[in-house]
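Structure, as structure tokens:
The values are calculated or read from the model by the stated rules, or taken from the named source; none is laboratory data. Predicted model, so just to flag it, every value in this text is computed and none were measured. Note: ideal-geometry Cβ built from the backbone for every residue, glycine included; neighbour counts use all protein chains shown.
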Amino acid sequence: MTIKRTYEEINAKIKSGKAVIVTAEEIIPILEKEGIEKATERIDVVTTGTFGPMCSSGAILNFGHSDPPIRMQKVWLNDVEAYAGLGAVDVYLGATQLSERQGMEYGGAHVIEDLISGKKIKLKAISQGTNCYPRREIGTYITKKSINQAILFNPRNGYQNYNVAVNTSKNKIYTYMGILLPDLGNASYSTSGQLSPLLNDPEFTTIGIGTRIFLGGAQGYIVWEGTQFYPQVIKDKSGKSIHKGGTLAVIGDLKEMSTDYIRAVTFKRYGVTLVVGIGIPIPILNSEIMKSVSVKDEDVWTEIIDYSFPHLKRPSLGKVNYKQLREGNITIQGKDVPVSPLSSYAKAREIAQKLKEEIIKGKFLLQRPIQKFPQKSKFKPLLEIH
């Protein structure tokens, strides 16, 4: 029997309290017991989650007008410069922008976290002045309650499947994958495996522009493909497949978010980034989608990449699955290497569970994408033209 559902049918069941919702972790034993067809008949939605560093993040803020008004041309928030080329009192604050006073100890991500937590943020702005905006400088404090809008807008989040990072050189190196010890002293990774949203819908069947998501503790949306969107499937002779390269651009109301799911972090001698919690519901429209969400950690492979090479194309040292990674040790070139995650599986599980509960309560309805992502994309390097 071929089972087909629509978004409208699933939402009607959610509203009536009859929808059956499980997490991407909970679906695994259900499928092992019931099989694809029976599970498809019974389950309406599978929820996913991820919680990890997502550098390409930031916030659009509108401060409101002072009296007399100012057209802000340079803006600092707690000594972190924000981009003011949007309008008189609109700025974009990048998560990785560093404090001019504290350097790598504080940055845009910390300002975002401080805003969410309700702290006062020092605002400084300067301008050349105009007839309609005569003021030339202002210094004051803002909070999330005092400003008009605080919109989290992240151009590249939810990376589908990231590399495992290692270092074969004789020196310790400091990277966005954390500190990598010399001579394969450790390995780090940053994906939630079987809970990860884009590994449960690797072909972007249900995830696209307009999809409603859990974002930072609030409801948000996918607004476009993420920057560097380059989905691909890499297959080797042994039959292993690696899905990688998908990314999401997401948006949501920062004022509604929680520091439980949005946190600033500092990487030693690298800089600052924002840890973002994202959960995406996968509607079980048919058995093919159910097959996709049946993915287990041992089915999800990724590459081990040597970050000691300074060039864009770094050498691969083999493949590993997430079951092996989560066991805490992997073997590389005959050496036992300890592994640690930058992402939190426990928080990913919490996000998937929270999203499940919100749907069960009827507080979160599914949104059909208004447009699918492109099937093909190019990943272009920056050319140095002289």
- [ ] Could you tell me whether any residue of segment 10-25 is part of a strand (DSSP E or B), more than 25 Å from L199 (Cα to Cα), among the polar types (S, T, N, Q) and out of contact with any Ser or Thr (no Cβ under 9 Å at 6 or more places or on another chain)?
- [x] no
TODO: Among residues belonging to segment 332-386 that are of a type in the set (D, E, K, R) and at pLDDT below 95, point out the one that is farthest from the chain's Cα centre (by Cα).
DONE: E384
Task: Of residues in segment 221-241 being out of contact with any Ser or Thr (no Cβ under 6 Å at 6 or more places or on another chain) and not in a loop (DSSP other than H, G, I, E, B), the one nearest to P281 (Cα to Cα) - done: Y221
Open item on the list: Tell me yes or no: at least one residue of segment 134-141 is assigned to a strand (DSSP E or B), surrounded by 20 or more Cβ atoms within 10 Å (Cβ to Cβ) and not aromatic (F, W, Y).
Closed with: no
TODO: Would you be able to say whether some residue in segment 284-291 is at pLDDT 95 or above, in contact with a helix residue (DSSP H, G or I) (Cβ under 6 Å, 6 or more places away or on another chain) and buried (at least 20 other Cβ atoms within 10 Å of the Cβ)?
DONE: yes
- [ ] Could you tell me whether segment 237-246 includes any residue that is more than 27 Å from M104 (Cβ to Cβ) and among the polar types (S, T, N, Q)?
- [x] yes
- [ ] Among the residues of segment 142-154, write down those that are of a type in the set (G, A, S) and not in a strand (DSSP E or B).
- [x] S146
TODO: Filter segment 284-298 down to the residues that are touching a residue at least 40 places away in the same chain (Cβ under 8 Å) and of a type in the set (D, E), then identify the one that is farthest from I28 (Cα to Cα).
DONE: E288
Task: Residue among I207, I278 that alone is crowded, with 18+ Cβ neighbours inside 10 Å and assigned to a strand (DSSP E or B) - done: I278
TODO: Determine which member of the set N171, N154, N148 is at pLDDT 95 or above and within 25 Å of I282 (Cβ to Cβ).
DONE: N154
Task: Qualifying residue in segment 343-358 (condition: in contact (Cβ under 8 Å) with a residue 12 or more places away in the chain, more than 30 Å from V111 (Cβ to Cβ), surrounded by 18 or more Cβ atoms within 10 Å (Cβ to Cβ) and touching a helix residue (DSSP H, G or I) at 6+ places or on another chain (Cβ under 6 Å)) - done: no
TODO: Residues that are assigned by TED's automatic domain parsing to the domain that holds Y174 and among the charged types (D, E, K, R): find the strands (runs of 3 or more DSSP E) completely inside segment 281-325 holding 2 or more of those.
DONE: 301-306
- [ ] Report, by residue number, each residue of segment 271-283 that is touching a helix residue (DSSP H, G or I) at 6+ places or on another chain (Cβ under 8 Å) and over 24 Å from Y221 (Cβ atoms).
- [x] V272
Open item on the list: If I filter segment 155-178 down to residues being part of a strand (DSSP E or B) and more than 12 Å from the chain's Cα centre (by Cα), which single residue comes out as nearest to G216 (Cα to Cα)?
Closed with: G178
Task: Filter result for the condition that a residue is modelled with pLDDT under 95, more than 28 Å from E225 (Cβ to Cβ) and not basic (K, R), over G103, G129, G139 - done: G103
Open item on the list: Please count how many residues of segment 336-369 are assigned to a helix (DSSP H, G or I), within 24 Å of G52 (Cα to Cα) and hydrophobic (A, V, I, L, M, F, W, C).
Closed with: 6
- [ ] Check off (1) assigned to a loop (DSSP other than H, G, I, E, B); (2) in contact (Cβ under 8 Å) with a residue 60 or more places away in the chain; (3) not aromatic (F, W, Y) for Q194 and give me the number that stays unchecked.
- [x] (1)
Open item on the list: Just to be sure I understand, how many residues within segment 1-25 are surrounded by fewer than 16 Cβ atoms within 10 Å (Cβ to Cβ), among the polar types (S, T, N, Q) and either touching a Phe, Trp or Tyr at 6+ places or on another chain (Cβ under 7 Å) or over 14 Å from G362 (Cα atoms) (or both)?
Closed with: 2
Open item on the list: Anything in segment 147-159 that is on the phi < 0 side of the Ramachandran plot and either crowded, with 16+ Cβ neighbours inside 10 Å or free of Cβ contacts under 8 Å to residues at least 12 places away in the same chain (or both)? List them, or say none.
Closed with: I147, A150, I151, L152, F153, N154, P155, R156, N157, Y159
